[in-house]
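Participant: First the structure, then my questions, so here it is.
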Amino acid sequence: MGELDPSIIVIFGASGDLAHIKIFPALYALWSEGFFPDSFFIIGFARTGMDDETFRKTILDALNVNCRKKPVNENDFLNFSKHIFYLKSKYDDKASYEKLGKFVEAKALEYKIPKNIVYYLSIPPSIYVNVIDGIKNANLTADNFKKGGFSKLVVEKPFGYDYDSAKSLNSEILSVFKEKEVYRIDHYLGKETVQNIFAFRFANAIFEPIWNNKYIDHIQISALESIGVGSRSGYFDESGVIRDMMQNHMMQLLSAVAIEPPAIFDADDIRNEKAKLLKSIRPYSLNDVKNFVIRGQYDRGEVCNKPVVSYKEEAGMPKDTITDTYVALKLFIDNYRWAGVPFYLRSGKRLKKHKTEIVVYFKKLPYSLYGRDGVEKIKQNSIIITIQPNEGIVINFGAKMPGFEMDIEPVSMVFNYKSSFKLSPPDAYERLIYDIIIGDQTLFARYDSTLIAWQFITSIINGWRKIDTPAFPNYEANSWGPKKADRLINADGRVWNNN
Ligand code: NDP
Ligand code: BG6
């Protein structure tokens, strides 16, 4: 990893949440580790009235809360902040884009750099199209830069609202940018632990041979959050967990654990395999949506001995909302490797535990040497890949307990990032922004798999419109979710890993 090319980063919605919580902390961390050359600058583009100094102060305050490198040294920040500018602008105003064009022109001349521009859409999806049109109409893309340089577009999730809207957003984007210039962010792909799933599977000889339906009984993927929706009611109530987590992060985790080895470890081959995998998910009939997909919404409860409100009572929430804050589902992947292996996915808010993990359960012993009850008593082998917190991998197996009897007890072999590497991993956004600038799309969603994932999720959303909504709320805050989600897996003789 070396110094990045000189570049200009334009952040639309720079006054907002994501810019302060994730983007600037990542940019600062990259800068303080020496990845940015002197010739780079960041332009904040938003409606809020601020001058450069006021904007820089909001960034400093945010870094002191959100940056891995906190507390931020004032002198270091002073040097960093010389690269930050702010343009008070409007997203649907031609003059704002012309002003941006002139500003970029002048700065590129001053810094003697080519117009390498990254446009980052850190705005609500409803105004993406305004910005894309603004960039197009003011001729701010690479095709118009006669002296070379690049222009790239970074799009945050959610990418669309359903299959049709994702498709039309995609066409809109591709009418201005080429696919190789588009970076659809799914920050789960920037997590070290998610990238390590590929290393675990493809850099070791011992796991891949047993990674199939001959040896694996079932796989559970859980992204459980103890937090509620906080101040994001406007956004969340239109999305629900089905769009907020299942369509993107959960599909990426599923892909990572289940894709075929790519021919070469590069963006195209990995993304080809992901598209193939997602295409192999067995489509749901309406009956499948009824039987295999469980939705929930949280009720009041107690978290850390303090009462918390129900979802319907969150600030700004419509009282009759039927949005899902929990989804569990069972799916099958119809291909040679996974035929017959159920995948159970669940994600929700206000749950008893905050953890994201993939658990691979191996088949039970065909026969036990250790007594008639042995097959039932000896636990299935399993591998737990913990994405967060306590990042690591645990292999569970049976071992003989010391003593004169042949008693088999479950034991674990543990790999833990912190103790093995003694390094704090970069935040997902640091890795993703670095990759955007060097032009590596491996960790970004490609249009085809985004649409394939939407096809599956849209079949659930459409199915829900045709069947009765459960009586919400249907699970208490600080619980494991709706009881029906337990029944979904218990009916197959299996249980969720709630440890
Ligand atoms: P914000 O609601 O904070 O919006 C960002 C900025 O956009 C605001 O500061 C505001 O700037 C402008 N804005 C907001 N609403 C409107 C509107 N209706 N019309 C015009 N401008 C508006 O969003 P976030 O920063 O939270 O999210 C930005 C993007 O990132 C979204 O696509 C979101 O889905 C995604 N995202 C956010 C995450 C988060 O944790 N926040 C996590 C993952 C993805 P101004 O008024 O100054 O122009
Ligand atoms: C975001 C979702 O994409 O991911 C949030 O919009 C969710 O609702 C968050 O809380 C989870 O991310 P992480 O990195 O905390 O697991």
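Participant: On a 32 Å Cα-Cα criterion, which of the cross-link pairs LYS312/LYS364; LYS214/LYS466; LYS349/LYS379; LYS22/LYS306; LYS178/LYS279 come out too long?
Facilitator: Table pairs above 32 Å Cα-Cα are LYS312/LYS364; LYS214/LYS466.
Participant: Write out the GluC sites (Glu not before Pro) in the range 399-499 meeting two conditions: DSSP loop, and at most 13 other Cβ atoms within 10 Å of their Cβ.
Facilitator: The qualifying sites are GLU405.
Participant: Going by Cα centres, the range 61-79 and the range 159-222 are how many Å apart?
Facilitator: 32
Participant: Under a point-charge model restricted to the Cβ atoms of Lys and Arg (+1) and Asp and Glu (-1), what is the dipole moment magnitude of the range 8-156 relative to its Cα centre, in debye to the nearest 20?
Facilitator: Using Cβ point charges on Lys, Arg, Asp and Glu, the range 8-156 gives about 260 debye.
Participant: Now for a separate question. Hey, for a label at PHE265 modelled as a point 7 Å past Cα toward Cβ, could you say which residues of the range 200-220 have their backbone N under 13 Å away?
Facilitator: Backbone N within reach: 200-205.
Participant: Expressed in nm to one decimal, what extension gain is obtained for the pair CYS304 and LYS352 from 0.36 nm per residue of sequence separation less their Cα-Cα distance?
Facilitator: 16.2 nm
Participant: Which order do the peptides 121-133, 50-62 take when ranked by the mean count of other beta-carbon atoms within 10 Å per residue, highest first?
Facilitator: 121-133, 50-62
Participant: How much of the DSSP bridge set in the chain is antiparallel, in percent, rounded to the nearest 5?
Facilitator: 55
Participant: Expressed in nm to one decimal, what extension gain is obtained for the pair TYR235 and ASN287 from 0.36 nm per residue of sequence separation less their Cα-Cα distance?
Facilitator: Additional length available on full extension: 15.8 nm.
Participant: Something else: Evaluate Rg over Rh across the range 8-156, taking Cα atoms for both radii and Kirkwood's formula for Rh.
Facilitator: Looking at the range 8-156, the ratio lands at 0.95.
Participant: Right, here's the next one. Given an 8 Å cut-off on Cα distances and at least 6 residues of separation, report the relative contact order of the chain as a percent.
Facilitator: The value is 17 percent.
Participant: How big is D for the range 57-134, in µm² s⁻¹ as a whole number, if Stokes-Einstein is applied with the Kirkwood radius of its Cα pairs at 25 °C and 0.890 mPa s?
Facilitator: Using the Kirkwood radius from Cα pairs, D works out to 164 µm²/s.
Participant: Considering the options ALA199, VAL10, GLY44, tell which one lies farthest towards the positive end of the dipole of the chain, charges being +1 on Lys and Arg and -1 on Asp and Glu at the Cβ, about the Cα centre.
Facilitator: ALA199
Participant: Once you have the Cα-Cα distance between LYS379 and ARG337, take 0.36 nm times their residue separation minus that, and quote the gain in nm to one decimal.
Facilitator: Once the chain is fully extended between LYS379 and ARG337, it gains 12.7 nm.
Participant: Per-residue ellipticity at 222 nm for the chain, helices alone: DSSP H runs ≥ 4 residues times -39500 (n - 2.57), over residue total, nearest 500 deg cm²/dmol?
Facilitator: It comes out at -10000 deg cm²/dmol, rounded to the nearest 500.
Participant: Right, another one. I need the semi-axes of the equivalent ellipsoid of the range 223-335: take the C-alpha gyration tensor, multiply each eigenvalue by 5, square-root it, list largest first in whole angstrom.
Facilitator: 33, 17, 12
Participant: Can you give me the accessible area per residue for the chain, using a 1.4 Å probe, in Å²?
Facilitator: 46
Participant: Quick one: dipole size for the range 334-453, taken about the Cα centre, charges +1 on Lys/Arg Cβ and -1 on Asp/Glu Cβ, in debye to the nearest 20.
Facilitator: 400
Participant: Charges at C-beta only: +1 for Lys and Arg, -1 for Asp and Glu. How large is the resulting dipole of the range 357-411 about its Cα centre, in Debye rounded to 20?
Facilitator: In total the dipole reaches around 220 debye.
Participant: Further question on the same structure: Compute the projected area of the convex hull of the Cα atoms of the chain, averaged over all viewing directions, and report it in nm² to one decimal place.
Facilitator: 26.2
Participant: Accessible area of the chain with a 1.4 Å probe: how many percent of it is carbon plus sulfur?
Facilitator: The nonpolar share, carbon plus sulfur, comes to 53 percent.
Participant: Still on this structure, please answer the following. Could you give the nm distance between label points at ALA205 and VAL65, where each point is 7 Å from its Cα heading toward the beta carbon?
Facilitator: Taking the two extended label points, one gets 5.2 nm.
Participant: Considering the options PRO366, VAL394, HIS354, tell which one lies farthest towards the positive end of the dipole of the range 348-403, charges being +1 on Lys and Arg and -1 on Asp and Glu at the Cβ, about the Cα centre.
Facilitator: Result: HIS354, furthest along the dipole toward the positive end.
The values are calculated or read from the model by the stated rules, or taken from the named source; none is laboratory data. As the structure is a prediction and not an experimental result, all values here were calculated from the model. Glycine gets a Cβ as well: all are built from the backbone with ideal geometry, and neighbour counts include every protein chain shown. Just so you know, the surface numbers come from the protein's heavy atoms only, side chains and all, with ligands and any DNA or RNA stripped out. Shrake-Rupley method; radii C 1.70, N 1.55, O 1.52, S 1.80 Å.
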